[in-house]
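What follows is a set of notes on a single structure, which appears directly below.
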Amino acid sequence: LSAILPYVDTVPQLVGVYFTLYIQSFSYIPHSTGFSIIFNVLYLKISDYATNSVIYLCCSSLLFPGLIQREGGSMEQEMGELRRYRTQSISRGEFALSDSFYFYRKGLESIVDDQVTQRFSSEELVSWNLLTRTNHNFHYISLRLTVIWGLGVIIRYCVLFPLRITLAIIGISWLVIGTTLVGFLPNRRVKNWLSELVHLMCYRICARGLSATIQYHNKNNKPQKGGICVANHTSPIDIVILANDGCYAMVGQSHSGLMGVIQRSMVRSCPHVWFERSEMRDRHAVTSRLRAHVAAKRNLPILIFPEGTCINNTSVMMFKKGSFEIGGTIYPVAIKYDPRFGDAFWNSAKYNMVSYLLRMMTSWAIVVNVWYLPPMTRQEGEDATKFANRVKSAIAHQGGLLDMAWDGSLKRDKVKEEFKEHQQKMYSSMVVGKKARNSQEPHTESSKS
């Protein structure tokens, strides 16, 4: 029992849940037995308590994300706290049964409040914004709210949506036509000036098509030519939001269809960097082309989203280090959307691009704050990974986002085996001890030889 004391708050909830699951198997007890009345009363009491416990455990991560208080210490520190409650001390090289509660706790925390998976779904709002923009659809509450919601649907779909789709068509059409015409001009300052003018005009028209209300902060830190702009990624419209205040060189894969037409027209007037599918797999080819672009100080700053996928704007996940191996000056940018007016997060696993844009154009508005952070460069002796983490932390702090070390590729891929092996090695070094493990390494090497 002394090993369970640190988790005395969690155990009652678990007991209630387990009773709910297992007590059903005893519901066949005959009523003729003398324990019938006592059992029924006990069953009802436990069921009520278990129901409340289940609601507490399931809803804590959604409604009250701060209920799960993680210690934040290392594995050795937290296990040391568990062992402190024992009457007999245990040395470093011994196994203690109380160590298992550390893994039980971490597993329960991940189930109740999974900090990674919930970043790939829409952020739940505390108050309803008259939109079905969360993970749950519309639920009937009262007649008055239903009437108000119905009026909002009429306004958004019958009044705002036609105007917005018209502006979007005008903006995209003028982008294709304008950049194509500018592309016929010789490569001089006039061409660059007209190209930036056309891009700005088209992106601002598209921003009006989303009813975007954008507030830019610290404009003195805006990305300069020959630099690299890195930002947290929430939505494809991040490009429209940033390009509404300045021109950037886009980096991405070449597409076909309408997107391909837009890409080919844009690259005629501006040195965007588009890669073929085969080139995207060649890391060195991508890096060399980006370095050549940055080396030309007259080129527009490159816009890169190092996370590699869309996150729901509540956190910033691991930055890929490739963007920080190119060299040059990094201009961090923090983007924070206000979900009360419309959820800008693109859940690509749930909605395709057309459905997503339809949801954006039928929202009340897209309200966003953009912070330009001071430029950053690699310090002496700092590798690309540490530099990426330093930039990521600065963006998360400025945007009020959670700084997470997890890879955004977990949105589609499984956890790598090396992460599991790392946890196993950490615990084995505690149980076996560093001296014993080091003494075994020469024997292992000799046996291999």
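Since every read-out is calculated from the coordinates, none of them should be taken as a lab result. Predicted model, so just to flag it, every value in this text is computed and none were measured. Note that each Cβ is placed from the backbone with ideal geometry, even for glycine, and that neighbours are counted across all protein chains shown.
See the values below:
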item: Selection of chymotrypsin sites (Phe, Trp or Tyr not before Pro), the stretch 314-386, meeting DSSP coil and at most 16 other Cβ within 10 Å; result: Tyr351
item: Residues Leu108 and Glu417, FRET efficiency given R0 of 30 Å [Cβ-Cβ distance, rounded to 0.05]; result: 0.85
item: Inverse mean reciprocal Cα-Cα distance (Kirkwood Rh) of the stretch 142-198, Å; result: 14.4 Å
item: Solvent-free Debye scattering, log10 I(q)/I(0), computed from the Cα coordinates of the stretch 319-437 at q = 0.09, 0.11, 0.21, 0.23 Å⁻¹; result: -0.43, -0.62, -1.20, -1.24
item: FRET efficiency for Ile165 and Lys350, using Cβ-Cβ distance with R0 set to 30 Å, rounded to 0.05; result: 0.85
item: Dipole of the stretch 145-260, positive direction: furthest Cα of Leu258, Ile169, Pro186, with charges on the beta-carbon; result: Pro186
item: Potential lengthening between Met259 and Asn187 on full extension [0.36 nm per residue; Cα-Cα distance subtracted]; result: 23.4 nm
item: Separation in nanometres of the label points that stand 7 Å from Cα toward Cβ, at Gln224 and Lys321; result: 2.8 nm
item: Rough spin-label spacing in nm, given labels placed 7 Å along Cα→Cβ, for Thr117 and Ala285; result: 3.8 nm
item: Stokes-Einstein D in µm²/s, Kirkwood radius over Cα pairs - the stretch 141-261 at 4 °C with 1.567 mPa s viscosity; result: 76 µm²/s
item: Cα Rg over Rh - the stretch 199-262, Kirkwood; result: 0.96
item: Listed residue pairs exceeding 22 Å between alpha carbons, taken from Lys219/Lys386; Lys219/Lys297; Lys106/Lys414; Lys222/Lys336; Lys225/Lys386; result: Lys219/Lys386; Lys225/Lys386
item: Label point distance in nm, Ser142-His397, each placed 7 Å from Cα along Cα→Cβ; result: 4.5 nm
